[in-house]
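Notes follow once the structure below has been shown.
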Amino acid sequence: MIELLRYLEANGFTNYIVSGGGRDFMRPVTASMYGVPPERVIGSSVGLDFVDGQLKTTATPEFLNDGPAKAVRIWGRIGRRPIFSAGNSNGDIQMLEYTAAGRGPSLSLLVRHDDAAREFDYTAGAEKVLELAAGRGWTVASMRDDWTTVFD
């Protein structure tokens with residue numbers, strides 16, 4: 001995946017990480033791990049309050065960045081429809097649909113976690129997106145068959 005991010009950058013793309021995971025959990029590590037700065041991380045978040053000159057987290061979730069919310073949050077943060085997106089779960093269906101529905105060429109890529117020897121072999125949480133991918137013309141990349149390196 002790192003190689004793909006570098007390739008996209010070298011060809012004029014601006015990469016974002018769009019995840020159902022916690023935005024503030026991911027931001028401190030995305031630059032060193034993926035070369036994606038924290039301002040380009042779109043994820044779930046808890047509420048924030050401004051108290052005595054400080055931002056304080058609340059116990060109340062602000063936003064769950066999953067399913068249809070991913071497409072909404074992409075538009076809200078980036079202001080344009082992506083021409084490439086990659087996902088690996090049912091929570092990515094609408095993001096992949098949103099990408100594919102744009103004018104002009106696009107690529108909706110689904111990563112299939114099927115390499116038990118180098119990572120994990122699982123489809124739990126991706127059953128529906130795997131079923132939809134073929135009928136929608138989305139590209140499915142097998143970690144087992146298509147990836148030379150999983151972890152470096």
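Condition check ((1) within 30 Å of Asp115 (Cα to Cα); (2) exposed (fewer than 13 other Cβ atoms within 10 Å of the Cβ); (3) touching a Leu at 6+ places or on another chain (Cβ under 9 Å)) across all residues:
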site: Ile17; (1), (2), (3): yes, no, no
site: Phe25; (1), (2), (3): yes, no, no
site: Arg40; (1), (2), (3): yes, no, no
site: Gly79; (1), (2), (3): no, yes, no
site: Phe84; (1), (2), (3): yes, no, yes
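Applying the criterion of at least 1 residues that are touching a Gly at 6+ places or on another chain (Cβ under 6 Å) to the helices (runs of 4 or more DSSP H) found wholly in segment 82-152 leaves 93-100.
Segment 4-78 holds strands (runs of 3 or more DSSP E) entirely within its bounds, and those carrying 2 or more residues that are touching a helix residue (DSSP H, G or I) at 6+ places or on another chain (Cβ under 7 Å) map to 17-22, 41-51. When restricted to residues that are of a type in the set (A, V, I, L, M) and either modelled with pLDDT of 95 or more or surrounded by 12 or more Cβ atoms within 10 Å (Cβ to Cβ) (or both), segment 113-137 contains 5.
Restricting the search to segment 2-15, which residues are loosely packed, with under 14 Cβ neighbours inside 10 Å and touching a Lys or Arg at 6+ places or on another chain (Cβ under 8 Å)? Once the filter is applied, which keeps residues that are loosely packed, with under 14 Cβ neighbours inside 10 Å and touching a Lys or Arg at 6+ places or on another chain (Cβ under 8 Å), segment 2-15 yields only Thr14.
The values are calculated or read from the model by the stated rules, or taken from the named source; none is laboratory data. What you see is a predicted model; the values in this text were computed from it and never measured. Don't worry about glycine lacking a Cβ; one is built from the backbone with ideal geometry, like all the others, and counts go over all protein chains shown.
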